[in-house]
1. Return a whole-number percent for the relative contact order of the chain, with Cα pairs under 8 Å and 6 or more residues apart as the contact set.
2. Hand me the trypsin sites (Lys or Arg not before Pro) from segment 135-165 located in a DSSP loop with no more than 16 other Cβ atoms within 10 Å, in residue order please.
3. Evaluate Rg over Rh across segment 34-190, taking Cα atoms for both radii and Kirkwood's formula for Rh.
4. Amide H of VAL287: which non-local residues (sequence gap of 5 or more, or other chain) have their own amide H closer than 5 Å, using H built in the peptide plane?
5. Determine the gain in length on full extension of the stretch LYS48-LYS238; use 0.36 nm per residue of separation and subtract their C-alpha separation, reporting nm with one decimal.
6. Test of the criteria: in segment 275-308, which GluC sites (Glu not before Pro) are in a DSSP loop and have at most 11 other Cβ atoms within 10 angstrom of their Cβ?
7. Let me know the whole percent of all Cα-Cα pairs from segment 95-141 that are separated by more than 16 Å.
8. If you put +1 on each Lys and Arg Cβ and -1 on each Asp and Glu Cβ, how big is the dipole of the chain around its Cα centre, in Debye rounded to 20?
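Any read-out appearing in this document is the output of simple, stated calculations on the displayed coordinates, not a laboratory observation. This structure is a prediction, so every number in the text was calculated from the model and none was measured. Reconstructed Cβ throughout: ideal geometry from the backbone, glycine too, with neighbour counts over all protein chains shown.
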Amino acid sequence: GCGGDKKSDNSPKQATPTAVTTIKVGHVLAPDHPYTIALKRFAEIVDKKTAGKLKVNVFHSSQLGNERDMIEALQLGTQQMALVSTAPLAGFTKQFLVLDLPFIFNDYKGAYKVLDGEIGQNLLKTLESQGIVGLTYWENGFRHVTNSKRPIQKPEDLASLKIRLMENPIHMDTFKAMGANPLPMAFGELFTALQQKTIDAQENPVPIIWTSRFYEVQKYCSLTGHFYAAAPLLVSKKFMDGLPADQQKALKEAAVEAREYERELLAQQNKDFISKLKEKKMEVIEVDKGPFKEAVKKVWAQYEATIG
Ligand code: EAX
């Protein structure tokens, strides 16, 4: 009945519209910080892996709000992704506090071994009960103290220094243990507070001190390396669960591929930017970490019960 040769179908092809899903990813750092550069690489990889079906738009400089706002927006599903430090997650899950302990990692290699291994992956899983999917850990880095008052060589030099910290109880107790006068503040308000001298000091890795131009409002930089800030790349669980499996897989793979790139960019900047800070007349001080570790050791025991 339906013999005959195959007829070429001449009806006009209806182009099946490829439904493009747009992802907004926000962070609080500068447009030239590796957070931004690596997120753009992430967007390119996602575009390729999904043949243009997932489009990632990057928003830097707190355009989508501060880190706590963005984490809440992921829970609501009003924002799809965010790249934040672990510190603000303390308001959502206690287990992450372990990563905020002072001097918990000795070096980058040790940090990656934990973060990219079983411990780090188990910690990311605890976010799911908070409506968040942690894809992997990118990096912010080892944090150093800068201030406008005096060179900090030893913990005692921090006495009564007004220092801005991230919103995290361990960070607050660590600097109280060293006699400082800490106050929590969103990153977006920090530069103005330093400029107006409402605070004396802050602490961040060298790439942030450079790209956020803190050298313009801070005279001294002490390489304390007191916290290692991991930067989990987060997705709204509501949004992720709505994606087809192949697109979920693409996001996870792209996050890991771009992570290596981001860590390399930071390693380069950590090497190159100290001399640039000195060119901007910052006094960069190498400190003996021993007395700082000794001064904050009690914080570990203080949080053992909370962290578990
Ligand atoms: O994740 O707020 C800060 O000082 C952090 O470095 C910022 O959250 C980047």
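1. Answer for the chain is 25 percent.
2. Taking segment 135-165 and a limit of 16 other Cβ atoms within 10 Å, the loop trypsin sites (Lys or Arg not before Pro) found are LYS149.
3. Taking Rg over the Kirkwood Rh, I get 0.99.
4. LEU223
5. 66.0 nm
6. GLU286
7. 37 percent
8. 320 debye
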